[in-house]
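Enquirer: Here's a structure for you.
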Amino acid sequence: MRIRDSTAVVTGASRGIGRAIALDLARSGADVVLVARNEDGLREVADRVAELDRRAHVVPCDVTDPDAVARAAARAFAALGDIHILVNAAGIGVWKPFLEIATDEHEAMMATNYWGTFWWIRHILPGMAARGTGVIVNISSGAGKFAFGATSGYSASKFAVTGLSEALYREYRSRGVRVSCLHPGSVRTDFWDPDNIPLSEVPPIVRFSPKLSPAAVARNVRLVVRTGIPVRSFPVFLALLVRINALWIRAGDLVLWKWFVPVLVVGVLVRVLL
């Protein structure tokens, strides 16, 4: 899809990955609806969008609240008309061993990561289907393809996003709406605060692998919007890990704890050479 002169909704747009995606789309010529709970953060991003000579509409919204999403979607349509691109980037994560994670923490991740994605699609997809055109990009995670200890809640929510995306891709591709799901590896955001993630529970290949920048995720969003690629896992070593694990889960265990150095080296070399 052509990005210039399109309209896009980006959730989680006040910081991190969502902020980078919103600015990248604006830089590519899109007008954007900025969605998050942090209104001050959204207004700062809106000012940056204005500097790029594109329109930005700030819509504070808790994506876990279906009524709030309905009101926010109505505001988005009123401000910018038809929505051509929806990027669901709002997300939270708590990594704890299964018997230590609180039920409300588990539920909060499912509410934001899965249901927040679900509600926005419910409101934006009908218009896309009626027009026979549109792109939905859901930001899952490497943990939405490959789960390891201490990610039971987070991975469950991200696997749910992966499954929803795959089903909608097959259901709507013949109707002109393209649905893509991204699975980025570790990204340099405050998600990786040691107070949030017990690093002792994180496998070496995840702990020591180079972290992606939010801008790198934004570039991949731009790629799938333009090309319609339905699934993308990155960087290269994560894509290799996902494929190995899909073939045989025991091989995935070996990569996590024993083969992480050669797989990481191969991934880095492929990235450099290509």
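The values are calculated or read from the model by the stated rules, or taken from the named source; none is laboratory data. Keep in mind that this is a model prediction, so the values were computed, not measured. All Cβ positions, glycine included, derive from the backbone under ideal geometry; neighbour counts span all protein chains shown.
Enquirer: Looking only at the range 117-127, decide whether some residue is free of Cβ contacts under 8 Å to residues at least 40 places away in the same chain and in a strand (DSSP E or B).
Expert: Within the range 117-127, none of the residues are free of Cβ contacts under 8 Å to residues at least 40 places away in the same chain and in a strand (DSSP E or B).
Enquirer: A follow-up question, please. Can you name every residue in the range 156-181 that is surrounded by fewer than 20 Cβ atoms within 10 Å (Cβ to Cβ), in contact with a strand residue (DSSP E or B) (Cβ under 8 Å, 6 or more places away or on another chain) and basic (K, R)?
Expert: Scanning the range 156-181 gives a single hit, R173.
Enquirer: Can you tell me which residue among F98, F146 is more than 20 Å from G18 (Cβ to Cβ), out of contact with any Phe, Trp or Tyr (no Cβ under 6 Å at 6 or more places or on another chain) and crowded, with 22+ Cβ neighbours inside 10 Å? Explain how you work it out, then say what you get.
Expert: Numbers: F98 fails: crowded, with 22+ Cβ neighbours inside 10 Å.
Going through F98, F146 in turn, the sole match is F146.
Enquirer: Next up: Scan R178, R222, R173 and give me the residue that is at pLDDT 95 or above and not in a helix (DSSP H, G or I). Please lay out each step first, then the result.
Expert: Working: R222 fails: not in a helix (DSSP H, G or I); R173 fails: not in a helix (DSSP H, G or I).
Exactly one of R178, R222, R173 is at pLDDT 95 or above and not in a helix (DSSP H, G or I), namely R178.
Enquirer: Kindly indicate which of G134, G142, G153 is within 26 Å of I244 (Cβ to Cβ) and in contact with a strand residue (DSSP E or B) (Cβ under 8 Å, 6 or more places away or on another chain).
Expert: On the way: G134 fails: within 26 Å of I244 (Cβ to Cβ); G153 fails: in contact with a strand residue (DSSP E or B) (Cβ under 8 Å, 6 or more places away or on another chain).
Checking each option against the conditions leaves just G142.
Enquirer: From A130, A160, A89, which residue is assigned by TED's automatic domain parsing to the domain that holds G29 and free of Cβ contacts under 8 Å to residues at least 24 places away in the same chain?
Expert: Details: A160 fails: free of Cβ contacts under 8 Å to residues at least 24 places away in the same chain; A89 fails: free of Cβ contacts under 8 Å to residues at least 24 places away in the same chain.
Answer to the selection: A130.
Enquirer: Let me ask something else about it. Let me confirm something: among A129, A72, which residue is surrounded by fewer than 24 Cβ atoms within 10 Å (Cβ to Cβ) and in contact with a helix residue (DSSP H, G or I) (Cβ under 6 Å, 6 or more places away or on another chain)?
Expert: Working: A72 fails: in contact with a helix residue (DSSP H, G or I) (Cβ under 6 Å, 6 or more places away or on another chain).
When all the criteria are applied, what remains is A129.
Enquirer: Among the residues of the range 79-112, write down those that are closer than 29 Å to G29 by Cβ and out of contact with any Asp or Glu (no Cβ under 6 Å at 6 or more places or on another chain).
Expert: Applying the first criterion (closer than 29 Å to G29 by Cβ) to the range 79-112 yields 79-91.
Answer for the range 79-112, where residues must be closer than 29 Å to G29 by Cβ and out of contact with any Asp or Glu (no Cβ under 6 Å at 6 or more places or on another chain): A79, G81, D82, I83, H84, I85, L86, V87, N88, A89, A90, G91.
Enquirer: Answer with yes or no whether A36 is more than 19 Å from A218 (Cα to Cα) and not charged (D, E, K, R).
Expert: So A36 does not fit the description; no.
Enquirer: Quick check on L52: is it in the same structural domain as A216 (by TED's automatic domain parsing) and surrounded by 20 or more Cβ atoms within 10 Å (Cβ to Cβ)?
Expert: On the way: in the same structural domain as A216 (by TED's automatic domain parsing): yes; surrounded by 20 or more Cβ atoms within 10 Å (Cβ to Cβ): no.
The answer is no for L52.
Enquirer: Now, a different point. Under 7 Å between Cβ atoms, at least 6 apart or on separate chains: pull out the pairs that start in the range 219-246 with a residue that is touching a residue at least 40 places away in the same chain (Cβ under 8 Å) and at negative phi and end on any residue that is of a type in the set (D, E, K, R) and surrounded by fewer than 17 Cβ atoms within 10 Å (Cβ to Cβ).
Expert: Qualifying pairs under 7 Å: P235/R271.
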